[in-house]
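Engineer: Here you go, one structure.
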Amino acid sequence: MLELIGISVFAVSGTLAAGRKRLDLIGVLVLALVTAMGGGTVRDLLLDRHPLIWLADPTYLFVIVASALLTMAYVRWRRPPEKSLLVADALGLALFSITGAQIAQRAGMNPVSCVLLATVTGSAGGILRDVLTAEIPLLFRPSALYASAAMAGASMYLLLEWLGAPRPAPMLVGIVVVAALRLAAIWWRISLPVFQLERDGPTGN
Amino acid sequence: MLELIGISVFAVSGTLAAGRKRLDLIGVLVLALVTAMGGGTVRDLLLDRHPLIWLADPTYLFVIVASALLTMAYVRWRRPPEKSLLVADALGLALFSITGAQIAQRAGMNPVSCVLLATVTGSAGGILRDVLTAEIPLLFRPSALYASAAMAGASMYLLLEWLGAPRPAPMLVGIVVVAALRLAAIWWRISLPVFQLERDGPTGN
Amino acid sequence: MLELIGISVFAVSGTLAAGRKRLDLIGVLVLALVTAMGGGTVRDLLLDRHPLIWLADPTYLFVIVASALLTMAYVRWRRPPEKSLLVADALGLALFSITGAQIAQRAGMNPVSCVLLATVTGSAGGILRDVLTAEIPLLFRPSALYASAAMAGASMYLLLEWLGAPRPAPMLVGIVVVAALRLAAIWWRISLPVFQLERDGPTGN
């Protein structure tokens, strides 16, 4: 259930990203689909988990298409509510990251790989969305904590699990940590230091 | 056989795309390869079908390399014939989409996933080609029906199969529907409505 | 061991590429990771080799993160040494290509596929790095032999193996051929002929 909410939220985010790119209807739906299912799909390909859930169960596709269509209908008569979307997007990141950590954990991964796969699950959909619309991915721009929020929350989740905290406490705490860090970072414009070379470096060709 | 024709056609399209990007010879061959095998490869990774056909059987690579070299030789002394290429490209989309639907069907997928995988098979090669040459993929520009033609033809194929139409009728009808829709859309400049937000929307960072 | 050197070298190259793009610290680490593990990961997904080595063994991640951090520390007080990096990058390409050819060979691939997978292993990391930072990949720019060096070295390796040359001679010769060709090409500005169409070609939409 939580997963479907995350999927729906990311479908909305893909649809709104499409709206800035003059795509046609099918393009919008495909972009919503890629944004919503990209993270889980890349994770499952890396883990060799088959069949992919959205191929096995069309419910996921219906939720995504419905979310995209409702978003398109909504923005025809009202400006999208900027703040509520940021909250929703942060919640999507949180839900996907912690779900990703859980799935990696069940697949017997070590903690480092669990944190990495949590980050992949949370961010790969947005990366694919940005690559397909020829943007530099958000993850690779100096921005309010994104991957770092996912990493922190997933680490907290694993720590609490390891300490034997009763379920579903670790999951809930993890989700709150990711969402809170991301929202706090947006709100107070917190970002990590930028690394920049002074002029064109090596890699000659 | 039909599949090899589709591959050859997409190799030609990749080569011509490369010609607008000032690539060297190896770059052209790699781009032709990616364009021609990308759709089937993404489909097979999503379905976990192994070994990949072009790794198991070098015939595919030879056809692609030969198609690319012949294209390069041809355009040295003659302008590429624009209309015949559009017909060929539409035929490639049609052949790949319906092949994709068949393979998904044989893998036991539900109809919705079959249509989706048909679209992936038909369009992922071109998407990869465009991403690697830093273009916004054709699929994500308001253009003459592309993904929609693939979806319509694959749906028609599945419907006729489900109705029990004698083979190879469903396949042939499906191929004709994709190619005809795509060509009609180019010819009469038909495209789906564009979805566009008025100004920069949310997704703050 | 040789593999870890290659990984470390590519992590440095990813870090330096990040330095030209104003990424934050996590962005730099992710880009270093993608550059260093991308080639092997794409190869293993194509070959269906699981589990992926960097998921099974965190050593790889530690080497990459350490390489990236050391690089960032180093360039704070000294310009990166351009020539030594080019040598290192060529060595990375050489190590990855020949490792890729060996792994493909052990997976029972035919020689043509071995050469192709050697090229994938050597170049996919850099392609992903360039796509994620919205650059046209180096492989697809008219540049000093890159994919071609990998192909030549991998072919030489397979030829010597087939001729029964005692190990590790084929491997060493292969590595030297790749690195020497790449460096010679940079040094004397050797590149393959460029293929270019005179004006916008077909692929109407």
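The values are calculated or read from the model by the stated rules, or taken from the named source; none is laboratory data. Source: prediction; values computed, not measured. Here the Cβ positions follow ideal geometry from the backbone for every residue, glycine too, while neighbour counts run over all protein chains shown. Please note that ligands, DNA and RNA were not included when accessible areas were found on the heavy atoms of the full protein model with its side chains. Shrake-Rupley method; radii C 1.70, N 1.55, O 1.52, S 1.80 Å.
Engineer: Across the stretch A:99-118, what is the number of residues that are without any contact (Cβ under 8 Å) to a residue 40 or more places away in the chain, within 10 Å of another protein chain (Cβ to nearest Cβ) and open to solvent by less than 10 Å² (accessible area, probe 1.4 Å)?
Structural biologist: 1
Engineer: Only one residue in A:S148, A:S123 is more than 12 Å from chain B (Cβ to nearest Cβ), closer than 23 Å to A:G19 by Cβ and touching a Leu at 6+ places or on another chain (Cβ under 8 Å), so which one is that? So that I can check it myself, show each step before the final result.
Structural biologist: Working: A:S148 fails: closer than 23 Å to A:G19 by Cβ.
It is A:S123.
Engineer: Name the pairs whose Cβ atoms lie under 9 Å apart, with the first residue in the stretch C:85-98 and more than 14 Å from chain A (Cβ to nearest Cβ), the second of a type in the set (D, E) and part of a helix (DSSP H, G or I), and 6 or more positions between them or separate chains?
Structural biologist: Every condition considered, the pairs that remain are C:L95/C:E3; C:F96/C:E3.
Engineer: For the stretch A:140-159, name all the residues that are open to solvent by less than 20 Å² (accessible area, probe 1.4 Å) and part of a helix (DSSP H, G or I).
Structural biologist: Step one: of the stretch A:140-159, the residues open to solvent by less than 20 Å² (accessible area, probe 1.4 Å) are A:140, A:143-144, A:147, A:149-150, A:153-154, A:157.
Matches in the stretch A:140-159: A:F140, A:A147, A:A149, A:A150, A:G153, A:A154, A:Y157.
Engineer: Only one of these conditions is not met by B:W77: (1) under 17 Å from the mean Cα position of the chain (by Cα); (2) over 21 Å from C:A107 (Cα atoms); (3) open to solvent by 10 Å² or more (accessible area, probe 1.4 Å). Which number is it?
Structural biologist: Just one mismatch for B:W77, condition (1).
Engineer: Could you check the stretch A:26-48 and list, in sequence order, the residues that are open to solvent by 10 Å² or more (accessible area, probe 1.4 Å), at the interface with chain B (Cβ under 9 Å from one of its Cβ atoms) and touching a residue at least 12 places away in the same chain (Cβ under 8 Å)?
Structural biologist: Listed by number, the residues that qualify are A:L29, A:L33, A:T41.
Engineer: Scan the stretch A:2-24 for residues that are among the charged types (D, E, K, R) and away from chain B (no Cβ under 13 Å) and report the count. Walk me through it before giving the result.
Structural biologist: Step one: filter the stretch A:2-24 for residues among the charged types (D, E, K, R), giving A:3, A:20-22, A:24.
Right, trim to away from chain B (no Cβ under 13 Å) and you get A:3.
Selection size over the stretch A:2-24: 1.
Engineer: Now for a different question. Which ones in the stretch B:160-181 are farther than 15 Å from B:P111 by Cβ, open to solvent by 60 Å² or more (accessible area, probe 1.4 Å) and not in a helix (DSSP H, G or I)?
Structural biologist: If the condition is that a residue be farther than 15 Å from B:P111 by Cβ, open to solvent by 60 Å² or more (accessible area, probe 1.4 Å) and not in a helix (DSSP H, G or I), then B:P166, B:R167, B:P168 are the ones that fit.
Engineer: Could you list, in sequence order, all residues of the stretch C:151-175 that are more than 10 Å from every other protein chain (Cβ to nearest Cβ) and under 26 Å from C:F195 (Cβ atoms)?
Structural biologist: Going through the stretch C:151-175, the residues more than 10 Å from every other protein chain (Cβ to nearest Cβ) turn out to be C:152-175.
Scanning the stretch C:151-175 gives C:A152, C:G153, C:A154, C:S155, C:M156.
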